[in-house]
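S.K.: Encoded as structure tokens, here's the structure I'll be asking about.
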Amino acid sequence: NLSEVIAHMRGERQLEPISAAPLMLAPSPVSPDFDLANVRGQEHAKRAMEVAAAGGHNMLMNGPPGAGKTLMARAMASILPPLTREEALEVTKIYSVAGMLPKGSPLITERPFRSPHHTISNAGLVGGGRNPRPGEITLSHRGVLFLDELPEFGHTILESLRQPIEDKVVTISRAQGSVSYPANFMLLGSMNPCPCGFLGDPVKECTCSPTQVSRYSKRISGPMLDRIDIFVEVPRVDYEKLTAPSLAESSTDVRKRTQAASDTQQRRFMDTEILNNAEMGPNEVYQFCEVEDSAQSLLQTAMQQMQLSARAYHRILKVSRTIADLGGSDTIGVAHIAEALQYRPAQWQ
């Protein structure tokens, strides 16, 4: 107790040394309710989730209601690589400041997964208040911020995410001063293709007018879309796939691959403060994203035909680097570039 510490510092008594047990951050068991094995079909979307989890990439899913977007988003936490010791300490400090440490758990060992409702205020998402407190983007530091029905969030709220996504930190200024909170999170969003949700659906007809569809899609600005690495379509699941015996991989099996890719990235960025491919800046992209000669022409053609921005070009290279890491390749080949390009369909440009 404190009296014994004071006596020790005064030299009145000697405290017995205590050897601390090594910190073990083993991944938690996967909840049966949020296991990827429960998701029928959607192989393309689940592969995109694996890439996003392995490299920490932002991802947006688009599809009709009931296709499994929310279930897959909830399963994202089960395939993320476990926290490193440094990450666990960072997250624990945040939750300690916010007064949200779980009882009996002095150290948080699982990546945060935050899913605020679209009615959240700007202060609730970014942080603030008379006495500034961390918002949802800080509470999802080193984890996932899931925004379901992304276009339903206010325009101001979505635009407030742009700076934290790039800078990995959020600064709250008040008359008394300013405070900065870490905000290095993976953004995971979902949306319907139109207000009714059935645009392009092969079974149910869309009831929206072209004006409604256009207004709905423009709720997410181009600069905001440009900060998302992976776009994936989540179509309606056929009856045959719903009733067939499940042969899908479990989250545990997928996490083994994402963890191996994460270990590769930690060795790559050992001498830097970067922890995953999504955090790479232009200098790291040119240093670590070596593209094979056979893949250069494909990348050049894609840049011209898809009219990609410089930011989108770098994001494609970072996603390609993650795909190559999952495949155990030191260089980025044609297959890696081709898959990364599939995650940026032309209609989103």
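S.K.: Can you tell me the equivalent ellipsoid semi-axes for segment 1-117? Use √(5λ) from the Cα gyration tensor, largest first, whole Å.
M.R.: Here the semi-axes work out to 43, 14, 12 Å.
S.K.: Anything over 27 Å Cα to Cα? Flag those among Lys256/Lys318; Lys218/Lys256; Lys69/Lys218; Lys93/Lys168, in the order listed. Please report the intermediate quantities before stating the final value.
M.R.: Numbers: Lys256/Lys318 21 Å; Lys218/Lys256 38 Å; Lys69/Lys218 21 Å; Lys93/Lys168 16 Å.
The answer is Lys218/Lys256.
S.K.: Pull up the cross-link candidates among the aspartates and glutamates for Lys46, meaning alpha carbon to alpha carbon under 14 Å and not fewer than 8 places away within one chain.
M.R.: Once the sequence-local aspartates and glutamates are set aside, what remains near Lys46 is Asp35, Glu233, Glu249, Asp253, Glu339.
S.K.: Continuing with this model, one more query. Over the chain, average the accessible area per residue using a 1.4 Å probe and give it in Å², no decimals.
M.R.: Heavy-atom SASA per residue in the chain reads 51 Å².
S.K.: For a quick check: with amide H placed at 1.01 Å from N, whose amide H comes under 5 Å from Val144's, ignoring anything fewer than 5 positions away on the same chain?
M.R.: Correct list: Phe113, Arg114, Met186.
S.K.: Another one. With +1 on each Lys and Arg Cβ and -1 on each Asp and Glu Cβ, and nothing else charged, work out how big the dipole of the chain is about its Cα centre, in Debye to the nearest 20.
M.R.: Working: 35 positive and 38 negative charges, 185 e Å.
Using Cβ point charges on Lys, Arg, Asp and Glu, the chain gives about 880 debye.
S.K.: Turning to a different aspect of this structure: Report, as a whole number in µm² per second, the diffusion coefficient that Stokes-Einstein gives for segment 277-349 at 20 °C and 1.002 mPa s using the Kirkwood radius over alpha carbon pairs.
M.R.: 177 µm²/s
S.K.: Round to the nearest 10 and give me the degree value, 0 to 90, for the angle of helix 293-306's Cα axis relative to the longest principal axis of the chain.
M.R.: Long axis of 293-306 versus the principal axis of the chain: about 70 degrees.
S.K.: Send over the per residue convex hull volume for the chain, Cα only, as a whole number of Å³.
M.R.: Details: hull volume 63.9 nm³, N = 349.
Each residue corresponds to 183 Å³ of Cα convex hull volume.
S.K.: Give a quick list of trypsin sites (Lys or Arg not before Pro) in segment 116-184 that DSSP marks as loop, anything other than H, G, I, E or B, with at most 16 other Cβ atoms within 10 Å. Don't skip to the end; give the middle numbers.
M.R.: On the way: sites: Arg130, Arg142, Arg162, Lys168, Arg174; in loops: Arg130, Arg142, Lys168.
Qualifying residues, ordered by number: Arg130, Lys168.
S.K.: Continuing with the same structure: Would you mind checking which residues have amide H under 5 Å from Gly189's amide H? H placed 1.01 Å from N; only 5 or more apart, or other chain.
M.R.: HN-HN under 5 Å from Gly189: Met59, Leu60, Met61, Leu147.
S.K.: Then there's this: Only Cα pairs within less than 10 Å get springs; with that Gaussian network setup on the chain, which residue of Met59, Met49, Met100 has the largest fluctuation?
M.R.: For the chain, modelled as a Gaussian network with Cα springs under 10 Å, the answer is Met100.
S.K.: What percent of all Cα-Cα pairs in segment 72-203 falls in each 5 Å bin, counting up from 0?
M.R.: Using 5 Å bins, I get a P(r) of 2, 10, 18, 21, 19, 14, 8, 4, 3, 1, 0, 0 for segment 72-203.
S.K.: Would you work out what percent of the accessible area of the chain, with all protein chains in place, is carbon or sulfur (probe 1.4 Å)?
M.R.: The value for the chain is 52 percent carbon and sulfur by accessible area.
S.K.: When a/c is below 1.5 the answer is rounded, else prolate if a/b is larger than b/c, else oblate, so apply that to segment 216-349 with a ≥ b ≥ c taken from the square roots of the Cα gyration tensor eigenvalues. Mind showing how you got there, number by number?
M.R.: Details: a/c = 1.68, a/b = 1.14, b/c = 1.47.
Taking the square roots of the gyration eigenvalues as a ≥ b ≥ c, segment 216-349 is oblate.
S.K.: Per-residue HN-Hα couplings for segment 249-258, Karplus 6.51 cos²θ - 1.76 cosθ + 1.60 at θ = phi - 60°, whole Hz, x for Gly and Pro?
M.R.: Rounded to whole hertz, the list is 5, 7, 4, 4, 5, 5, 5, 4, 6, 5.
The values are calculated or read from the model by the stated rules, or taken from the named source; none is laboratory data. The model shown is predicted, which means the values in this text are computed figures rather than measured ones. Cβ coordinates were reconstructed from backbone atoms using ideal geometry, including for glycine residues, and neighbour counts include every protein chain displayed. Ligands, DNA and RNA are excluded from the accessible area calculation, which covers all protein heavy atoms including side chains. Shrake-Rupley method; radii C 1.70, N 1.55, O 1.52, S 1.80 Å.
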